[in-house]
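The values are calculated or read from the model by the stated rules, or taken from the named source; none is laboratory data. These numbers were taken from a predicted model, which means no experiment stands behind them. Don't worry about glycine lacking a Cβ; one is built from the backbone with ideal geometry, like all the others, and counts go over all protein chains shown. Side chains included, ligands, DNA and RNA excluded: accessible areas come from the protein's heavy atoms. Shrake-Rupley method; radii C 1.70, N 1.55, O 1.52, S 1.80 Å.
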Amino acid sequence: MTLDLTVADAAAKTATKTLPDAQTVTSVTHWTDSLFSFRVTRPASLRFRSGEFVMIGLPGDNGKPLLRAYSIASPNWDEELEFYSIKVPDGPLTSKLQHIREGDEIILRPKPVGTLVLDALLPGKRMWFLATGTGFAPFASLMRDPETYERYEQVIMMHTCRTAEELTYGRELIENLRHDPLLGELYGEDFANRLLYYPTTTREDSPLMGRITDNMTSGKVFQDLSLPPMSPETDRAMICGSLAFNVDVKAVLEGFGLNEGANSEPKEFVVEKAFVGDGI
């Protein structure tokens, strides 16, 4: 998840670091020609709630920091920070960011914010994570946070991309998570059955297809997963995708009787508004 927001700050140099608020890249993985993830060192003072985002970036052509909001894909207990990004050939930031390598430095402003946090929702039985593309990132954090499973009996991850290849990051993460020794120790052998995964494609044939909105309004996802339709008494949801996706899914959830909440007023679902498209 990313936000197209340029912050014009002076790029001060020091004798030991070439960038302000610098963190060091520890690994980079290119999942497709258009998607990659990377991990960086974590500032010792950084505290965040799983699901939040921070501003990261690189110096722009004018020497001033070019920053975007990126959801932290790693959980709040991780010693490093992980991010998941799209590659935009002409994007002011990602045209540069996609070429980072281990040992490089990026700018990271350690002031986490965001609406996709557990405290913004009322207690419930089932949690639905609804994402397209790199909107998966905040849920990669939340699914790896034990607190999510303390609060909810079931977690359902619905993720839609154009092709099956674009689902690889999420699929591998969930496969590994279902065999996570910590979560298995905490919640027993049945833990894997508490995390349900519903990946769909829209442009390539795959076992599951269709947009999240269509699969919910038709009832297909509930039938496929043997779940009852969503109810404000039992179901909670988080949405992260393009602006159009967020608007469409919000309308579907409201059709089920759910209401939008916020940090200051918890309700049945929340939307990450800091996502503006692909021009990053």
Cα Rg over Rh - segment 168-255, Kirkwood | 0.99
Segment 232-250 and segment 73-121: distance between their alpha carbon centers, rounded to Å | 22
Taking R0 as 41 Å, what's the FRET efficiency between Thr24 and Asp224 from their Cβ-Cβ distance, rounded to 0.05?
-> 0.40
Using a 1.4 Å probe, how large is the accessible area of Leu35, given in Å² and rounded to the nearest 10?
-> 10
Please turn the phi angles of segment 53-58 into ³J(HN,Hα) values with the Karplus equation 6.51 cos²θ - 1.76 cosθ + 1.60 (θ = phi - 60°), one per residue in order, whole Hz, x for glycine and proline.
-> 10, 9, 8, 10, x, 9
Equivalent ellipsoid semi-axes for segment 131-177, as square roots of 5 times the alpha carbon gyration tensor eigenvalues: give them largest first, rounded to whole Å.
-> 21, 10, 9
Taking the Cβ-Cβ separation of Ser206 and Lys125 as r and a Förster radius of 30 Å, what is the calculated FRET efficiency to the nearest 0.05?
-> 0.55
How large are Rg and Dmax for segment 108-196 when only the alpha carbon atoms are used, in Å?
-> 13.6, 40
Angle between the chain longest axis and helix 168-177 axis [Cα atoms, degrees, rounded to 10] = 70
Between Leu46 and Val113, with labels modelled 7 Å along Cα→Cβ, what's the label distance in nm to one decimal, could you check?
-> 1.7
Surface accessible to a 1.4 Å probe, Trp77 within the full protein complex, Å² = 140
Does segment 208-280 classify as rounded, prolate or oblate by the C-alpha gyration tensor (a ≥ b ≥ c root eigenvalues; a/c under 1.5 gives rounded; else a/b over b/c gives prolate, otherwise oblate)?
-> oblate
Given Lys64/Lys250; Lys96/Lys125; Lys96/Lys267; Lys64/Lys87; Lys64/Lys267; Lys125/Lys273, which pairs have Cα atoms separated by over 32 Å?
-> Lys64/Lys250; Lys96/Lys125; Lys96/Lys267; Lys64/Lys267
The chain, helix-only ellipticity at 222 nm - DSSP H runs n ≥ 4, -39,500 (n - 2.57), divided by all residues, nearest 500 = -5500 deg cm²/dmol
Angle between the chain longest axis and helix 243-255 axis [Cα atoms, degrees, rounded to 10] | 20
Per the Cauchy relation, a quarter of the hull surface: what is the mean projected area of the convex hull of the alpha carbons in segment 97-155, in nm²?
-> 5.8
Using a 1.4 Å probe, what is the accessible area per residue for segment 144-274, in Å²?
-> 49
Given the protein chains as shown and a 1.4 Å probe, how many square angstrom of Phe191 are accessible, to the nearest 10?
-> 0
Once you put a point 7 Å from the Cα of Glu102 and another 7 Å from the Cα of Glu165, both along the Cβ direction, what distance in nm separates them?
-> 2.4
One would report the Cα pair-distance distribution of the chain, bin width 10 Å, in %, as 7, 30, 36, 20, 6, 1, 0
Loop GluC sites (Glu not before Pro), segment 49-111, which have at most 14 other Cβ atoms in a 10 Å radius of their Cβ (DSSP) = Glu79, Glu102
